[in-house]
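Following: one structure in structure tokens, then a few remarks.
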Amino acid sequence: QVQLVESGGGSVQPGGSLRLPCAASGTIFSIDTMGWYRQAPGKQRELVATITSRGSTNYADSVKGRFTISRDNAKNAVYLQMNSLKPEDTAVYYCNVARDLFQRHDFWGQGTQVTVSS
């Protein structure tokens, strides 16, 4: 069983930065993809960024050039560095582990609130 805990959320002004860490307990497999999703009120949850154990990354177009995802396999941790934050980045950010063995299974953290406003 994988448990995920996000932190690092908070309130910042537009143009500011935040770093979100996510710590995983339990066993993370080398095949597992780790990532970040976000959900704003009244909106669907959307992918922000993902990263494989080998370091291959994928970003939503809306965050390319501003956000950077990284992963420490030894620590079972994933991080999201968010720069040049915009009000539209305001959302609850969720850490995710996606495992695809016989079928895909997703593990989710509890979420951390990020608010970008003047």
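General remarks:
- Every residue from the range 30-41 that is open to solvent by 40 Å² or more (accessible area, probe 1.4 Å), under 26 Å from Glu88 (Cβ atoms) and either in contact with a Gly (Cβ under 9 Å, 6 or more places away or on another chain) or among the aliphatic types (A, V, I, L, M) (or both): Gln39
- So Gly55, is it surrounded by fewer than 16 Cβ atoms within 10 Å (Cβ to Cβ) and in contact (Cβ under 8 Å) with a residue 12 or more places away in the chain: yes
- The number of residues in the range 70-82 that are open to solvent by less than 60 Å² (accessible area, probe 1.4 Å) and either without any contact (Cβ under 8 Å) to a residue 24 or more places away in the chain or farther than 13 Å from Ile28 by Cα (or both) comes to 6.
- The set of residues from the range 86-105 being closer than 16 Å to Tyr37 by Cα and aliphatic (A, V, I, L, M) comprises Ala91, Val92, Val97, Ala98.
- The range 1-21 - residue that is in a loop (DSSP other than H, G, I, E, B) and touching a Phe, Trp or Tyr at 6+ places or on another chain (Cβ under 9 Å) and, of those, farthest from Thr112 (Cα to Cα): Gln1
Okay, residues lined up against (1) open to solvent by less than 50 Å² (accessible area, probe 1.4 Å); (2) in contact with an Asp or Glu (Cβ under 9 Å, 6 or more places away or on another chain); (3) assigned to a loop (DSSP other than H, G, I, E, B); (4) basic (Lys, Arg):
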residue: Ala23; (1), (2), (3), (4): no, yes, no, no
residue: Ile28; (1), (2), (3), (4): yes, no, yes, no
residue: Thr68; (1), (2), (3), (4): no, no, no, no
residue: Glu88; (1), (2), (3), (4): no, no, no, no
residue: Arg99; (1), (2), (3), (4): yes, yes, no, yes
residue: Val114; (1), (2), (3), (4): yes, yes, no, no
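- Considering only residues in the range 42-66 that are in a strand (DSSP E or B) and of a type outside the set (Gly, Ala, Ser), the one that is farthest from Ser30 (Cα to Cα) turns out to be Glu46.
- Among (1) within 19 Å of Ala91 (Cα to Cα); (2) within 11 Å of the chain's Cα centre (by Cα) - the single one Ser70 does not satisfy: (1)
- Across the range 92-111, the number of residues qualifying as under 15 Å from the mean Cα position of the chain (by Cα), touching a residue at least 12 places away in the same chain (Cβ under 8 Å) and at negative phi comes to 11.
- No other residue among Gln44, Gln3 is at pLDDT 95 or above, farther than 20 Å from Tyr59 by Cα and open to solvent by 60 Å² or more (accessible area, probe 1.4 Å) apart from Gln3.
The values are calculated or read from the model by the stated rules, or taken from the named source; none is laboratory data. Since the structure is predicted, the reported quantities are computational estimates derived from the model, not experimental observations. As a convention, Cβ positions derive from the backbone with ideal geometry for all residues, glycine included, and neighbour counts pool all protein chains shown. With ligands, DNA and RNA removed, areas are computed over all heavy atoms of the protein, side chains included. Shrake-Rupley method; radii C 1.70, N 1.55, O 1.52, S 1.80 Å.
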